[in-house]
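Bear in mind that the values in this text are calculations on the coordinates, not laboratory data. Only a predicted model underlies this, so the values are computations on that prediction, with no experimental measurement involved. Positions of Cβ are generated from backbone atoms using ideal geometry, with glycine treated the same way; all protein chains shown enter the neighbour counts.
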Amino acid sequence: MFAENHVSIVGEIPRIGVKHIKVPEKALDLVKSALSHNPDIEYAEFNYQAEEVVIPNDTYYASAQWHHPKISSPAGWDITTGSNGVTIAIIDSGVDPSHPDLSAKLLPGYNFLNNTTNTADVRGHGTAVAGCAAALSNNAIGVAGVAWNNPVMPVVVLDSNGFAYYSTIAKGIIYAADHGAKVINISIAGSSSSTTLQNAVNYAWNKGVVVIAAAANNSTSTPYYPAACNNVVAVSATTSSDAIASFSNYGNWIDVAAPGVSIKTTTNGGGYGTGSGTSFSSPITAGLAALILSVNPALTNSQVVAIMTGNADDLGSPGFDIYYGYGRINVYKSVVAAKNTLPQRISALPAVSISSPLYNTEVNNTTVVHVSATDNAGISKVELFINGALYATGTTEPFDFSWDTKSYPDGIYSLEARAYDSSENMGKSEEIVVSVSNPVDTTAPLLSILYPIDHAVVSGTTTVGISVTDDIGVSKVELYIEGTRYAEITAAPFDFVWDTAKYPDGTYSLEARAYDFSQNMGVSAPVTITIVNNPKDAIPPVVTITSPANNSYVVNSKKIRVTATDNVAVSKIELYLDNMLESTVTNQDTLSYVWKTRKIGKGAHNITAKAYDVAGNMSVHTITVHK
C-alpha cells in the first residue's frame, strides 16, 4: 500500500511508538482508513497543527504588574522565591538568549524545527511566555516573574508563523521530561484531539512532571489541546477585576484560571511589553507549580495539581464551574499548603501480568510478549525477564516486547514482568513458562569481504568490511589473516580495524568466517592484499611481453600478453602499440589485449609494455613484429 500510494516514513517518536508518514493529499483518507483497520496498528490520525494562543498588544508602558497582587505573589514570595533545582520547560518558539531578565536563567534546550541546540526565539512568543513564568526578579530592572529563581529550559516547536505540528509538540514534551524538567508549560493549542499528544503527556506525567497548558482564545467551550488532554492543567484567563476574559475558552475541561489581560512581560530583543491571552495565564500558573515544588520537592505531580486547585480562590459559581475551573490561582495559599503537605507515600504495588504468550505454550520465530500493568500513581517502566535475566525495558504503553526466540536454543523458558510506579514501588507478574521450538537451521551465513578489494595495496590502519546475511541471525564474524584468527565481532556493523604497521610489508591473504545462532559457519572467498608501509624500494619491476614473439609475423587479430613481477607489488601495467597507449591495468601482474592487425599497414611495428611498482619504479620491454 505504501509504494503504490507514494507513502514515505519521515520521522518517528520512539518513546511513544509513533511513526510520522508523508502521504500525497489525494491518498490521505484512503491511507488513514487502511491503517486504522490494520490490527497491528493501535491508531492512525492526521498530524494536526496547533498555534500560539496570544492576543498581541504592542503598546509598551511602565505600569505595575497588576496580576502579582491579585494572585498574592508577594505574600507567597515571603515563603519561597523558587529553587534552581526545579526547572520549567517552555515549549514554544524559543527564548531570547540575551534578554537581561532571562539570559542568566536559561538551561540548554533543543530546537525541533531544525534539530539543533539553537533555542533563540524565532517569533517572540516564547520570550513573553518565559518572562511571565520566571523572569529574574528583585534585580532593579524589567519585570518580575512568578518563580524568581527557577531555571528555564527552552524547547522550540513553534515556527516563525506561529504554528506547530502535534508531532513536534509531542517530541518537545518527551525531550523536556527526559532532560529534567519538573514543570512544562505549553502556550500552544489546537482544536483537534490527538492520541499522539495524549501519549506524550502521559509519558511526562509518568515521570512525575506537571504539565500546564493554555486553554486558547476563541471564546468557545470547544476543547483545545493539549490543554484538554488528561494529566494536563488547563488554564483560562481572567481580568484585573477577576472577570473571565472575553476571549478565553471555557468548559468542563478547565482546571484553574489565572490573569491573562494586559500582562507586562519580556519581549524578544531585550525589551518589555504587554500582551493578553491564555498564553500568559498558563506560564503564570506554571510559575506557581514551580514554587510549590521548590518549597516541597518531595511532592508528586498529582499532589501539586491538588494543591493548586484546592487553594485557588473560588470565583463565579460556587465550587467548580466551566469558566474558572476550581478558581483563580492563589500563590500564597498554595505555597503555604505545599509547605505543610507531607509527601505522598504510595505503598500499593503495580498490578502486572503477562497476557501473551499463554502459560505452557510453544513459541518460535519472533514472539510478542504482551504485558499489562496498572497503578494508581502511573507506571514509570516495565521490565521483561527471561530465565531471570533482564531482556528489555519499556516506558510507554503498550508494553509489547518482541522476543526473537531464534536467538535462543530450543528448550523451556520462564517469562516474568516487573512494573514500577513513580514512587519506585515494584510489582511482579506470575511466571509464564513456555517452550521454544524452532525448525533446525542448517543454512550457513553468506558473507564476503567488501573492502579492501582483491589485490589492493594498503598501509597504516585500514578497515576490513564484511557483508554477511543469514536466515536466522548472525552470532559472530571472525577475521583471519594468513589463516590465523585476528579478531571477532558479535554485532553489526562487521568492520574490523587492522593496524597493518604491525605486519612486515608483503602479500597477505584475508578470510572471514561467520556463525549463526545454530553454529552453522560460512566462509568468505579469500582476498589477497599487499601491505606497503615502508616503500623504500629502488628495484623496478620485471616486465615481459610473452606473446607474440619478437620478430614474428602477425595476421588478422593477435592476442598480446604481458606479465610483470616485483619484489613488493606491481601497481600498474601499460601497453603501447607504435608508441600509442592502448591498455592499462592496475594492481594486477598480467595484461591481455586483442590487437586487430587488419587496421595497420604492412611492415614493422613496435609493441611496448611498461610496468610500475608501488614505489614508482618503472621498467620497459619492447618487441618488433611484422605484417
> How compact and how long is the stretch 497-627, expressed as Rg and Dmax of its alpha-carbon atoms in Å?
Replying inline: 20.0, 69
> Going highest first, how would you order 103-112, 362-371 by mean Cβ packing within 10 Å?
Replying inline: 103-112, 362-371
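For the chain, what is the mean residue ellipticity at 222 nm derived from helices alone (per DSSP H run of n ≥ 4: -39500 (n - 2.57); sum divided by total residues; nearest 500 deg cm²/dmol)?
-4000 deg cm²/dmol
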> Which value, to two decimals, describes the C-alpha radius of gyration of the stretch 417-506 once divided by 2.2 N^0.38 Å?
Replying inline: 1.78
> What residue among W498, Q519, G465 has its Cα farthest toward the positive end of the dipole of the stretch 455-521, where the charges are +1 on Lys, Arg and -1 on Asp, Glu, each on the Cβ?
Replying inline: W498
>> Using Cβ contacts closer than 10 Å as the measure, can you line up H67, H179 from fewest to most?
In response: H179, H67
> Relative contact order (percent) for the stretch 446-531, with alpha-carbon contacts under 8 angstrom and 6 or more residues of separation?
Replying inline: 39
>> Defining a contact as two alpha carbons under 8 Å apart and six or more residues distant in sequence, what relative contact order in percent does the chain show?
In response: 9
>> Tell me the label only: which of [x] 45, 35, 20; [y] 55, 29, 20; [z] 70, 33, 23 is semi-axes √(5λ) of the Cα gyration tensor in Å as calculated from this structure?
In response: [z]
> Normalised by the residues of the stretch 527-568, what does the relative contact order come to in percent, with Cα pairs under 8 Å and at least six apart?
Replying inline: 48
> If we count other beta carbons within 10 Å of each Cβ, what is the order of K339, K627, fewest first?
Replying inline: K339, K627
>> Under 21 Å between alpha carbons, and skipping anything fewer than 8 positions from K602 in its own chain: which lysines qualify?
In response: K558, K559, K627
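Taking the Cβ of I244 as the center, what net charge do the other residues with Cβ under 13 Å away carry, scoring Lys and Arg +1 and Asp and Glu -1?
Charge balance in the 13 Å sphere: -1.
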> What does the stretch 495-536 give for Rg and for Dmax, in Å, if only its C-alpha atoms count?
Replying inline: 14.1, 49
